[in-house]
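In what follows, a single structure is set out as structure tokens and then discussed.
The values are calculated or read from the model by the stated rules, or taken from the named source; none is laboratory data. What you see is a predicted model; the values in this text were computed from it and never measured. Virtual Cβ from ideal backbone geometry, glycine too; neighbours counted across all protein chains shown.
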Amino acid sequence: MLKTGIYTPDQTPSFSGRPRAFIALDLYDQFSGNPELEMLFQEQAIGRVAVANGSFKKTHLNRFDEFDEICRGIIIRHVPVQNSVSVHDMAVSDGRTSVPFFEFLSGHYGQSLSFLASDYSPGFKAVYDPADSNKRLILDHQNRLIQIVAPPFVFQVVCPESGLFYPVNRLYRHYIQKKWAQNLYQSYLRSPSLFQTKDILILCRACQNLTHDSRFSFDTYDVLSGIRGTQQIIRAMNILNISYFAPDQMAQAVSHICGALAPGGLLITGSNGDGGTDVRGGVYKKTESGMIKIHDFSGGSPAESLILQA
Ligand SMILES: C[S@@+](CC[C@H](N)C(=O)[O-])C[C@H]1O[C@@H](n2cnc3c(N)ncnc32)[C@H](O)[C@@H]1O
């Protein structure tokens with residue numbers, strides 16, 4: 001089978017059934033339909049993009065509503081209204097799941113709230129081929145190659161499609177990567193000023209609107225690096241997965257997160273699949289004697305043993 005991609009704004013993806021075509025990431029902010037369809041388009045555009053460390057940008061609107069509902073009750077019971085409540089929602093992809101979380105917290109804590117949403121890789125760049133601007137490379141914030149757009153194809157570089165189902169795509173991807181993409185990539189790294197580029201911020205419109213609220217901020221953050229300050233609530237959804245991190249990295253991430261919690265603070269974490277599916281996770285509280293679990297969802301977080309030892 002052959003799979004072509006979506007590489008110009010006037011191509012409309014299929015909004016029914018499971019999306020097949022990969023979408024060039026520089027179209028993320030180019031959709032001209034209504035806001036609901038834009039959210040869907042953006043969900044499809046990032047859904048199968050893997051970033052350099054092999055994790056996916058995949059996220060969904062209303063991904064874990066039931067889980068959120070229960071967590072809201074736990075937050076109200078365990079984190080009192082006080083002068084200052086700092087919250088860090090990490091690995092948020094384009095931030096769509098942060099929006100209802102922020103809305104609830106700002107309603108409950110008012111002006112005491114300080115909310116940081118973050119992601120490891122929110123910023124990308126398109127680098128256009130001077131000989132044919134339809135052809136371009138998508139790089140991440142550290143100039144690592146993420147996507148190759150060679151119309152009519154769009155190829156993922158990290159975690160590409162299975163060669164079993166799309167053997168022609170696989171062959172052509174190898175060919176184009178060797179014959180064209182690598183040359184363009186190396187030339188860009190040598191002389192970036194010679195190329196036309198476009199910055200791409202993967203942050204949904206609703207989240208961008210929240211940046212006008214002084215209580216909300218968005219930043220780049222890697223869970224493997226240390227966290228500044230202390231937080232009353234840290235949320236890490238669909239990131240503390242054993243498939244994303246080697247055991248020592250997972251231990252490092254958990255140690256940073258738990259170390260950054262204020263006494264009595266909550267860690268809310270879990271993983272699920274598509275929107276509305278069951279979350280496997282938990283809510284953990286930092287006490288004088290260490291981290292304890294105060295609520296279990298389907299057996300607890302995949303990182304639970306590390307959390308309870310932290
Ligand atoms: C599967 S998405 C989860 C998005 C959202 N939390 C949700 O549940 O829908 C995983 C996100 O984690 C981010 N990520 C990957 N490695 C990370 C790291 N080391 N630190 C912080 N974020 C990371 C990716 O960029 C991606 O946006």
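Going residue by residue through the range 286-304, is there one that turns out to be part of a helix (DSSP H, G or I) and either in contact with a Gly (Cβ under 8 Å, 6 or more places away or on another chain) or at pLDDT below 95 (or both)?
yes
When you go through Asp140, Asp132 one by one, which is the residue that is in contact with a strand residue (DSSP E or B) (Cβ under 6 Å, 6 or more places away or on another chain) and not assigned by TED's automatic domain parsing to the domain that holds Ala236?
Asp140
Residue-wise test of (1) crowded, with 18+ Cβ neighbours inside 10 Å; (2) closer than 22 Å to Tyr284 by Cβ; (3) touching a residue at least 24 places away in the same chain (Cβ under 8 Å).
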| residue | (1), (2), (3) |
| --- | --- |
| Tyr28 | yes, no, yes |
| Phe31 | yes, no, no |
| Asn34 | no, no, no |
| Leu37 | no, no, no |
| Thr59 | yes, no, yes |
| Phe67 | yes, yes, yes |
| Arg72 | no, yes, yes |
| Pro80 | no, yes, no |
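In this structure, is Asp129 in contact with a Ser or Thr (Cβ under 8 Å, 6 or more places away or on another chain) and modelled with pLDDT of 95 or more?
No; evaluated as a whole, the condition is false for this residue.
Would the range 228-235 turn up any residue that is aliphatic (A, V, I, L, M), modelled with pLDDT of 95 or more and assigned by TED's automatic domain parsing to the domain that holds Asp89?
Yes.
Of everything in the range 95-126, what is closer than 18 Å to Ala45 by Cα and not aromatic (Phe, Trp, Tyr)? Give them in sequence order.
If the condition is that a residue be closer than 18 Å to Ala45 by Cα and not aromatic (Phe, Trp, Tyr), then Gly95, Arg96, Thr97, Asp119, Ser121, Pro122, Gly123, Lys125, Ala126 are the ones that fit.
Output the number of residues of the range 211-238 satisfying the condition of being within 24 Å of Arg72 (Cβ to Cβ), charged (D, E, K, R) and more than 19 Å from the chain's Cα centre (by Cα).
Final tally of qualifying residues: 2.
Could you pull out the residue among Leu240, Leu224, Leu203, Leu189 that is within 18 Å of Arg144 (Cβ to Cβ), among the hydrophobic types (A, V, I, L, M, F, W, C) and assigned to a loop (DSSP other than H, G, I, E, B)?
Of Leu240, Leu224, Leu203, Leu189, the one residue that is within 18 Å of Arg144 (Cβ to Cβ), among the hydrophobic types (A, V, I, L, M, F, W, C) and assigned to a loop (DSSP other than H, G, I, E, B) is Leu224.
Condition first: surrounded by 15 or more Cβ atoms within 10 Å (Cβ to Cβ) and in a loop (DSSP other than H, G, I, E, B). Now tell me which residues in the range 206-221 satisfy that.
Once the filter is applied, which keeps residues that are surrounded by 15 or more Cβ atoms within 10 Å (Cβ to Cβ) and in a loop (DSSP other than H, G, I, E, B), the range 206-221 yields Arg215, Tyr221.
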